[in-house]
1. Just to check I understand the Karplus step: with θ = phi - 60° and J = 6.51 cos²θ - 1.76 cosθ + 1.60, what whole-Hz values come out for the stretch 307-324, glycine and proline as x?
2. Extension gain Ala149-Leu205, at 0.36 nm per residue separation less the Cα-Cα distance, in nm?
3. Expressed as a whole number of Å, what is the distance separating the alpha-carbon centroids of the stretch 43-115 and the stretch 143-197?
4. Binning every alpha carbon pair distance of the stretch 54-157 at 10 Å from zero, what are the percents per bin?
5. First measure r as the distance between the Cβ atoms of Arg117 and Ala32, then evaluate 1/(1 + (r/R0)^6) with R0 = 35 Å and state the FRET efficiency to the nearest 0.05.
6. Whenever you get a sec, line up Cys341, Cys231 from highest to lowest accessible area (probe 1.4 Å, protein heavy atoms).
7. Taking the dipole about the Cα centre of the stretch 30-122, with the C-beta of Lys and Arg at +1 and of Asp and Glu at -1, give me whichever of Thr96, Pro118, Leu71 is farthest to the positive side.
8. Mean shadow of the chain, computed from the convex hull of its alpha carbons, in nm²?
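The values are calculated or read from the model by the stated rules, or taken from the named source; none is laboratory data. Bear in mind that the values here come from a model prediction, so they are computed numbers and not experimental data. As a convention, Cβ positions derive from the backbone with ideal geometry for all residues, glycine included, and neighbour counts pool all protein chains shown. In case anyone asks, the SASA skips ligands and DNA or RNA and just uses the protein heavy atoms, side chains included. Shrake-Rupley method; radii C 1.70, N 1.55, O 1.52, S 1.80 Å.
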Amino acid sequence: MSRKERKSFGESRPGPADIGRTLAAAVEHHSASRLDEAERLYHQVLAADPRQADSLHLLGVIAFQRGRHDLARDLIGQAIAINGAVPEFHSNLGNTLRAAGRLDEAAEAYRRAVALRPSYAEAHSNLGTALNDAGRPAEAEESCRTAIALKPDFAEAHSNLGNALQHQGRIDAAEAAYRQAIACTPSYAESHSNLGKLLLDHGRLDDALAHLRLAVALRPDLAASHSNLGCALRTQGRPVEAIAAFRTALRLAPGFAEAHYNLALALLLAGDVAEGWREHEWRWQAADFPGAARQPFTQPRWRGEARNGETLLVWGEQGVGDEVMFAGLLPALAPPVVVEC
């Protein structure tokens, strides 16, 4: 081989057909949840063509699946900068923004997706979820119904519709939506979990437990289902089993504030006061904690430090029963103290 031939061989690069085959193989691995293999091949494609938008987008999807939301947003944003006409790019960007709590931005991303493809049922359903999370359940309902009109057997859209209806206090309609989701896809664990929690909240404990146990059997990795099951077990007077369910939820999602708060209640019920009160500090971050929504004060919370003559305000964060139960501790507080009751 001549020197010129050796140089030519060393500088060869994959052509478009090779890139296409590598990308197709990566997508096949990705679809089968072989994320490491898919990621390696997406990087191979980008080594040959750094502006290959599909590979950037799908690497972002893998990052999102692994909980690396900042990286996911960056990668998908790069894909959009290269080709902003792909609806899936915008919808998946919306997913990363919603996971970060940036709900208005998420809604805008979903709206861009449906503007590019009005028949995109998944993006309409995702928009409904973002709107519901943002406290706009009537708009969420409209988006979910659009998704269902486009795709009547879309279980996730029916379940999201149930969430929006429940948020509006339309309990019977919400239950019907969850049951329709299950009718469309009996193995859809999220619907069983949502239905179980709704039934639990309205006193139908046996039916709730059946759906919640099925949810955790179908999706053992779904933290919300374990937490909801824990609530049902605690209501049934089985705190030890409830504690185990909450701990499973927290292994899956360590920052899950509602699971921490509900674990606290189960621990206190079981007599584990020390850990129970530690976990109880999570209540302020839990969406289902009634005190967090109505706290009217801007002053810093007292954590037992020296007050140097500052007045301590004690207020009833949870209800009259708790006020009565804890009133016996008031004499232990050094004055000045003001009690709101």
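1. Here the 3J(HN,Hα) series is 9, 6, x, 5, 6, 9, 9, 10, 10, x, 7, 10, x, 4, x, 5, 4, 5 Hz.
2. 16.9 nm
3. Going from one Cα centre to the other spans 26 Å.
4. Per 10 Å bin, starting at 0, the Cα pair percentages come out as 19, 47, 31, 4.
5. Calculated value: 0.85.
6. Solvent-accessible surface, decreasing: Cys341, Cys231.
7. Result: Pro118.
8. Result: a mean projected hull area of 24.5 nm².
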